[in-house]
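The values are calculated or read from the model by the stated rules, or taken from the named source; none is laboratory data. All values derive from a computational prediction rather than experimental measurement. Please note: Cβ atoms are built from the backbone with ideal geometry, for glycine as well, and neighbour counts cover all protein chains shown.
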Amino acid sequence: MIIDRRHRVIKKITITGAIVNCLLAASQIFFGIIGHSQALLADGFHTLSDLLSDFIVLFAVKQSSAAADEGHPYGHGRIETLATVILGFLLVIAGLGIGYRGISSIVSSQQSNPALVTLVFAGLAIFAKEFLYRYTMKAAKQVHSNLLESNAWHHRSDALSSAVVLVGISAQLLGVPYMDILAAIVVAIMIIVMGLRLTSKAFAELIDTSLDIELVGQVRSLIEGNESVREVHSLRSRSMGGLGYVDAEIRVNPRLTVSEAHYVAFSLEQAIKATFEQIIDVSIHVDPLTESGHDSVSDLPPRTEIQEMLAAAWRELPCCDQIEQIHLHYLQSQVEVDLVLPGSLSTADYSQQIDRIIEQAVDLKHIGKVNIYFSR
């Protein structure tokens, strides 16, 4: 449900940005050409790259929204990350092209004074891009989308580049030479820096970089706040398409039943997802042992062998065939045994036979203690 809502929001925001960018890019390129402004023309191609990025975002959202399947058990969120990488590379390439054109113009001493009308569209671009930045960033924070946040910062960089264009055109109209071309080069540098920034962030996600340290600390505090948890043994996290995945190992009382231990883990998983909307997948592993306890318990025999040992030890005891249940607790280097007997054996007449059952069991290797319980 969260993922569906997230994708609807991203799609709506991105389509709005695409419409604005389409109209703005056409205006900037047209008036950059007829107004003889390299800076406005460069900014127009910058806006055109935004339009391309919008289409990449829409494609990524559609593909990444596909449900998990056998070949992709964690879903398709990495498509969103990959799209961010592609977007970053495209920005770098566009910036290099614009910068090269500007430097070539300076080297060849080619310049022309821009028309006054180019100032109008430089100012219009600043207003439009700042609006898109605020509109997109608000949605990005609501749905925890790295891709949408990247697009928002892209809009902000465009607003700043348009401000540089406005200054460059104004300075050239006032008689300062090459300012329009220098503004185009500054815009190119800003585009390259933004592209590298987006690519770096996406690569960090591709190599399973942890979620924000503060967020991970809050998750740990929530788990430790559960009264059944003795210790958080390990806590790992990663991001996929801006959404969080967490797995943790917790220590609990080794005498908890399987169902209660499962209840503790399930409750924690639900609480984490409800508290932190960014985290959509949680896996809690329950561990009754310390790290050193794992080494000692690995030497203990499995249940089938213990049952055979007990059956052999109790072969001559008359009431051993009335044992209803045998529960085993693997605790450190010994196994503790719980025996459930019929309530009819709880009288004094059977006390000696029950004592023999306990004595025969604790004499066996690996058996530490025997507890007797009676059913009703």
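The set of residues in segment 210-236 being surrounded by 13 or more Cβ atoms within 10 Å (Cβ to Cβ) and hydroxyl-bearing (Ser, Thr, Tyr) consists of Ser210, Ser228.
Just so you know, in segment 342-355 the residues that are in a helix (DSSP H, G or I) and polar (S, T, N, Q) include one that is surrounded by the most Cβ atoms within 10 Å (Cβ to Cβ), and it is Gln353. The number of residues in segment 301-340 being over 39 Å from the mean Cα position of the chain (by Cα) and touching a residue at least 60 places away in the same chain (Cβ under 8 Å) comes to 2. Residues considered: Thr81, Thr47. Of these, the only one that is in the same structural domain as Met190 (by TED's automatic domain parsing), at pLDDT 75 or above, hydroxyl-bearing (Ser, Thr, Tyr) and not in a loop (DSSP other than H, G, I, E, B) is Thr47.
Results for (1) crowded, with 21+ Cβ neighbours inside 10 Å; (2) among the small types (Gly, Ala, Ser); (3) on the phi > 0 side of the Ramachandran plot, shown as yes or no for each residue.
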position	(1), (2), (3)
Val120	no, no, no
Met137	no, no, no
Leu148	yes, no, no
Asn151	yes, no, no
His154	yes, no, no
Ala163	no, yes, no
Val167	no, no, no
Leu174	no, no, no
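Is it the case that segment 249-264 has a residue that's among the aliphatic types (A, V, I, L, M) and within 18 Å of the chain's Cα centre (by Cα)? The answer is no, given that none of the residues of segment 249-264 is among the aliphatic types (A, V, I, L, M) and within 18 Å of the chain's Cα centre (by Cα).
Scanning segment 356-371 for residues that are in contact with a strand residue (DSSP E or B) (Cβ under 9 Å, 6 or more places away or on another chain), of a type in the set (A, V, I, L, M, F, W, C) and outside any helix (DSSP H, G or I) gives Ile367, Val370.
Quick grid of which residues meet (1) surrounded by 17 or more Cβ atoms within 10 Å (Cβ to Cβ); (2) within 30 Å of Glu214 (Cβ to Cβ); (3) in contact with a strand residue (DSSP E or B) (Cβ under 9 Å, 6 or more places away or on another chain):
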| site | (1), (2), (3) |
| --- | --- |
| Tyr245 | yes, yes, yes |
| Val252 | yes, yes, yes |
| Leu268 | yes, yes, yes |
| Pro302 | no, no, no |
| Ala311 | no, no, no |
| His327 | no, no, yes |
| Asp338 | no, no, yes |
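Here Arg197 does not fit the description of being of a type in the set (Lys, Arg), touching a Lys or Arg at 6+ places or on another chain (Cβ under 6 Å) and surrounded by fewer than 18 Cβ atoms within 10 Å (Cβ to Cβ).
Within segment 143-197, restricting attention to residues that are under 35 Å from the mean Cα position of the chain (by Cα) and more than 20 Å from Leu48 (Cα to Cα), the residue that is modelled with the highest pLDDT is Val143.
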